[in-house]
Amino acid sequence: MIKQLLSSFTGQIFAVLVGLAIVSACTMDAKSSTSSLSLADTQWTLKILSDTMVTNERPLTIAFDKNRLNGFAGCNRFSANYTGSHDGVFSIGPISATKMACGGSRDQLEQRYLEQLSKVTQYAIILDQLQLLDHNRKTLMTFSATKKTPA
């Protein structure tokens, strides 16, 4: 009976529709594991810099609006123009920062942070984490979502 059903035109249409329903269900499950966060409406806190966990008295941050980014780099505040597309392509303009002197490890951390930030060419948001990557898709920095900013 199944062989006879599949050999008919109606049976073939039915089989195609069942297959599409299965593929659609699988796609919906995959989408549910991705994040609803985006660059422009989330405050991000640095967790990993160059494969090293970051611990600082005051968290290092980054936030994005439509075409500018800003944040705290360990000693100074910084900002720059950026472009980011929905497919993960990212570019950043020259970074400007305040000029407070902090000394020691805070200055070194800030220098590493801003240096790595200037190398970013791609990004990915997976669950509640933002990964900034270089042109070889090597993760330079990993951030956790701190809070959603008001729209």
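Listed values, structure above:
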| read-out | value |
| --- | --- |
| Residue list for the range 86-103, filter: open to solvent by 40 Å² or more (accessible area, probe 1.4 Å) and either in contact with a His (Cβ under 6 Å, 6 or more places away or on another chain) or without any contact (Cβ under 8 Å) to a residue 24 or more places away in the chain (or both) | H86, D87, P94, I95, S96, T98, K99 |
| The listed residue being among the charged types (D, E, K, R) and at pLDDT 95 or above, out of K148, K138, K66, K99 | K138 |
| Residue within the range 104-124 that is open to solvent by 60 Å² or more (accessible area, probe 1.4 Å), within 22 Å of D41 (Cα to Cα) and either in contact with a Phe, Trp or Tyr (Cβ under 7 Å, 6 or more places away or on another chain) or assigned to a strand (DSSP E or B) (or both) present | no |
| Yes/no for G88 being of a type outside the set (V, I, T) and either farther than 24 Å from T52 by Cβ or under 18 Å from the mean Cα position of the chain (by Cα) (or both) | yes |
| Count - residues of the range 125-149 that are open to solvent by 20 Å² or more (accessible area, probe 1.4 Å), of a type in the set (S, T, N, Q) and either closer than 15 Å to M53 by Cα or part of a strand (DSSP E or B) (or both) | 5 |
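The values are calculated or read from the model by the stated rules, or taken from the named source; none is laboratory data. Just so we're clear, the structure is a prediction, and the values are computed from it rather than from any experiment. Ideal geometry is used to build each Cβ from the backbone, glycine not excepted, and the neighbour counts take in all protein chains shown. What goes into the accessible areas is simple: the full protein's heavy atoms, side chains included, and nothing from ligands, DNA or RNA. Shrake-Rupley method; radii C 1.70, N 1.55, O 1.52, S 1.80 Å.
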